[in-house]
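Here's the structure we're looking at; comments come further down.
The values are calculated or read from the model by the stated rules, or taken from the named source; none is laboratory data. Treat the numbers as computed from the prediction; the structure is a model and nothing was measured. In this analysis, Cβ positions are derived from the backbone assuming ideal geometry, glycine residues included, and neighbour counts consider all displayed protein chains. Remember, those area values only see protein heavy atoms, side chains included, never the ligands or the DNA or RNA. Shrake-Rupley method; radii C 1.70, N 1.55, O 1.52, S 1.80 Å.
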Amino acid sequence: MDAVGGPMLKQVKQLGLNVKFMGGDGLCTGELPKLAGDAIGEDMVVCAEAGGVDGDFKQPLEDFKAKFKTKNGVEVQIYAPYVYDAVNVLAEAMAKAGSSDPEKYLAEVGKVQYK
């Protein structure tokens, strides 16, 4: 989303529009200012982002972020931890079912105890 938002902000500036730019959490990344350049202004972009993680899940998330950055050299994008967990749940369900056929493994998804 930031790859579209950055150039769009440049177009907004070229057209001389004085507007707020609103987008989802995929828009509001560390790349957006780089992609938008001098077209991004103070209080110009409004982001609707998912909530945070609290309690017992906070430290494992921070650990995941640190390992991810060490391995990949970039910050975690907002949904990466959730996708990582979802893929692991699906993989475990497939292993339990002994198949990658959705008709066989979907019944196992709800039985997976993943933490």
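Where only protein heavy atoms count, and the probe is 1.4 Å, what is the accessible area per residue for the chain in Å²? Before the final figure, lay out each step's value.
Working: 8380 Å² over 115 residues.
Each residue of the chain exposes 73 Å² on average to a 1.4 Å probe.
In terms of Cα to Cα distance under 21 Å, which lysines are near enough to Lys65, apart from those fewer than 8 places away along the same chain?
Excluding near neighbours in sequence, the set is Lys115.
Among the aspartates and glutamates, which have Cα under 20 Å from the Cα of Lys96 when same-chain residues fewer than 8 positions away are ignored?
Straight-distance partners of Lys96: Asp85, Glu108.
In the structure displayed, which of Lys10/Lys71; Lys34/Lys67; Lys58/Lys111 lie more than 29 Å apart, Cα to Cα? Can you show the working numbers first?
Numbers: Lys10/Lys71 33 Å; Lys34/Lys67 25 Å; Lys58/Lys111 24 Å.
Distance filter (> 29 Å) returns Lys10/Lys71.
Quick one: if the Förster radius is 25 Å, what FRET efficiency do Val109 and Lys71 give, using the C-beta to C-beta distance and rounding to 0.05? Each step should come with its number before you reach the end.
Numbers: r = 27 Å, r/R0 = 1.08.
Efficiency for this residue pair is about 0.40.
Taking the Cα centre of the chain as origin, work out the dipole magnitude from +1 charges on Lys and Arg Cβ and -1 charges on Asp and Glu Cβ, in debye rounded to 20. Intermediate results must be reported in sequence, preceding the final value.
On the way: 13 positive and 17 negative charges, 46 e Å.
Around 220 debye, computed over the chain.
Just the number, please: carbon plus sulfur as a percent of the accessible area of the chain, 1.4 Å probe, no ligands or DNA/RNA counted. Please report the intermediate quantities before stating the final value.
Values: 4740 of 8380 Å².
Heavy-atom surface of the chain belonging to carbon and sulfur, 1.4 Å probe: 57 percent.
Counting each DSSP H run of 4 or more residues in the chain as -39500 (n - 2.57), what helix-only mean residue ellipticity at 222 nm follows after dividing by all residues, to the nearest 500 deg cm²/dmol?
Values: 5 runs with 59 residues, N = 115.
Result for the chain, helices only: -16000 deg cm²/dmol.
Each residue of segment 30-41 in order: what ³J(HN,Hα) in whole Hz does its phi give by Karplus 6.51 cos²θ - 1.76 cosθ + 1.60, θ = phi - 60°, with x for Gly and Pro?
Values per residue, Gly and Pro as x: x, 7, 4, x, 5, 6, 8, x, 6, 7, 8, x Hz.
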